[in-house]
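Colleague: Dropping a structure here in structure tokens format, bear with me for questions.
The values are calculated or read from the model by the stated rules, or taken from the named source; none is laboratory data. Please read these numbers as outputs of a predicted model, since none were measured by experiment. Note: ideal-geometry Cβ built from the backbone for every residue, glycine included; neighbour counts use all protein chains shown.
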Amino acid sequence: MSFRGKHRRGIRALAVTTVSGVVGSMVGVAGVMAAGVGNAETASLTLDYECPFPLIGVQQVEVEITANIPGEITVGEQSPRFDIDTVSTAPPEATEGLNLVGASTIEGEALAESYVDAPEATLDLEVPANIPVQDVPDEGELIVEAFGEAPSLTFSEPGDAQIGVGDLLLEMTPRDENGELTGLGTFESDCVQLPDQDNILAEIEILPDEPPEVPVVGDHSFEVAQDEVLSVEAPGVLEGASPEDVDLTAQVESGPSAGSVDVAADGSFTYEPEEGFSGEDAFSYSASYEVDGQQVVSEPGSVTVEVVEAEPEPEPGLEVGFDLMGETYINAADSMAPLSGGVDARVDLESGDVEADLELDRTFTSFRVLWILPASAHIDFEQVGATTGTFQDGRLETTSEMFVSLPRVSVFGFPISSGDSCRTVESTQVQLASDGDFSPQQGGALSGDYTLPDFENCGPLTRLVNHYASGPGNTIDLELSARSSG
């Protein structure tokens, strides 16, 4: 093989290296797509060029281009600079040729022609590129990486745009192991893209510059007692407001007519009605956030406050009758029994002492023996003494003592115990407390638990009765309502 032939293969290797670097700079124009969205996809394009070089004449070079390019950008948004990677692979003969001219490294610069075909215009760009110093291998394929960067661009009209790749101008320098120029020196080459190739690297959708989303707020209703202050924590009036991904600020639009209101930026607020006022009051508010130094403000929302008239102070001593309804859970039998009856109560509103006469009607429960046999029992309650308790700050607590009897117990429809003598060996205490605010005039809900002592005098199957009746874990829930005076 002659020296001239090897020399030509070395020049051809330079051509491959040079095209890789300059196309990297050229497709860097795709950086115009990098703003506005984060849904980048990998774009890939392979192009063929004819490049004239010293000694070996015109050579065809193939370059593969890859870049992460978003498919969307918004009108008016400035794109950042965008890095592009290119890789060129030359055959082993290219490596051999470079070695024969004494090249240890290769480097260079390039100028890439490219264009952006956008709705408003077609922009031609010349993008410079730098091919960093790269080692020439001793043998095998010559693989060269190159890097380019695009300028920042901004689109002014929505629509579709294309990024295209054009011709190249190369300036390349091979150097020996001492960093000195080889016999080739530094040379230039005008590379022409071969015809009939798809040179579109990417297509972009340019989105219209939509105005910022106007906040939307809702209407709210609250209730407060007469002469009391209503305090609502954040998000307060901003509960349910949109958009949720911005920092909304609340402000009063028009104040209430029968009180005063203080609305904080985070939506929390306090409302204080005028002294003695009761009825409905209202105020309006809006929400806003800042975009580019301008406030985007919602349409007003309304807040209605119902000021509830205070109940008149009751007399210190109060006698009241209640009807009761509820249920009790018998733990041993895992069964429920409905409850009904009445209470005649005497409440000392100064001391909070309560005394009452409790009457519970006979009730009935069904359960199963050995998980199979249907069973039932009638239940009577015999109060021992008066029910006592306390009423403080709206909470009622009571203690009742009673015997429990089972006048009839049946299994599979057959009575196994009957008569009033089947009852607990001792009385049990039932302690009840109101679940929430209890009104001495209107009533309320009570709940508690109790333990059923063993039963006696229930016939030969008393042990069976105790197995399904006595023990702890029993609960009771009652609802007391004021008895009609009529």
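Colleague: If you take the residues in the stretch 373-418 that are in contact (Cβ under 8 Å) with a residue 24 or more places away in the chain and not in a strand (DSSP E or B), which one is nearest to Thr451 (Cα to Cα)?
Modeller: Only one residue fits best here, namely Val384.
Colleague: Counting just the residues of the stretch 346-378 that are under 24 Å from Gly321 (Cβ atoms) and in contact with a Phe, Trp or Tyr (Cβ under 7 Å, 6 or more places away or on another chain), which one comes out surrounded by the fewest Cβ atoms within 10 Å (Cβ to Cβ)?
Modeller: The selected residue is Gly352.
Colleague: State whether the residues of the stretch 91-101 include one that is part of a strand (DSSP E or B) and either more than 23 Å from Glu210 (Cβ to Cβ) or touching a strand residue (DSSP E or B) at 6+ places or on another chain (Cβ under 9 Å) (or both).
Modeller: Within the stretch 91-101 (the criterion being part of a strand (DSSP E or B) and either more than 23 Å from Glu210 (Cβ to Cβ) or touching a strand residue (DSSP E or B) at 6+ places or on another chain (Cβ under 9 Å) (or both)), the answer is no, since none of the residues qualifies.
Colleague: So, of the residues in the stretch 333-350 that are in contact with a Pro (Cβ under 9 Å, 6 or more places away or on another chain) and assigned to a loop (DSSP other than H, G, I, E, B), which turns out to be nearest to Ile476 (Cα to Cα)?
Modeller: Leu349
Colleague: OK, next. On the given criteria, is Ala43 at pLDDT 80 or above and either farther than 13 Å from Leu201 by Cα or part of a strand (DSSP E or B) (or both)?
Modeller: Criteria not met by Ala43.
Colleague: Further question on the same structure: Do we have any residue at all in the stretch 296-313 that's modelled with pLDDT of 95 or more, of a type in the set (D, E, K, R) and either over 30 Å from Thr451 (Cα atoms) or assigned to a loop (DSSP other than H, G, I, E, B) (or both)?
Modeller: Yes: one or more hits.
Colleague: While we're on this one: Search the stretch 174-215 for residues being β-branched (Val, Ile, Thr) and closer than 30 Å to Glu290 by Cα, and hand back the single one that is surrounded by the fewest Cβ atoms within 10 Å (Cβ to Cβ).
Modeller: Val214
Colleague: Turning to a different aspect of this structure: Can you find even one residue in the stretch 418-426 that is of a type in the set (D, E, K, R) and surrounded by 17 or more Cβ atoms within 10 Å (Cβ to Cβ)?
Modeller: Taking every residue of the stretch 418-426 in turn, at least one turns out to be of a type in the set (D, E, K, R) and surrounded by 17 or more Cβ atoms within 10 Å (Cβ to Cβ).
Colleague: Sticking with this structure for a sec: Can you report the number of residues in the stretch 204-227 which are over 23 Å from the mean Cα position of the chain (by Cα) and closer than 22 Å to Asp281 by Cβ?
Modeller: Adding up the residues that qualify gives 9.
Colleague: Then there's this: Quickly run through the stretch 228-283 and pick out the residues that are over 25 Å from the mean Cα position of the chain (by Cα), under 17 Å from Ser298 (Cβ atoms) and acidic (Asp, Glu).
Modeller: Glu253
Colleague: Are any residues in the stretch 457-486 over 30 Å from Asp323 (Cβ atoms) and of a type in the set (A, V, I, L, M), and if so, which ones?
Modeller: Residues satisfying the conditions are Leu461, Leu464, Val465.
Colleague: Show the residue pairs that are 6+ apart or on different chains and have beta-carbon atoms under 6 Å apart, the first residue being within the stretch 110-128 and not assigned by the TED database to the domain that holds Leu47 and surrounded by 15 or more Cβ atoms within 10 Å (Cβ to Cβ), the second being modelled with pLDDT of 85 or more and not small (Gly, Ala, Ser).
Modeller: Hits for this filter: zero, empty list.
Colleague: On the given criteria, is Glu397 closer than 18 Å to Val347 by Cα, at pLDDT 90 or above and charged (D, E, K, R)?
Modeller: Yes.
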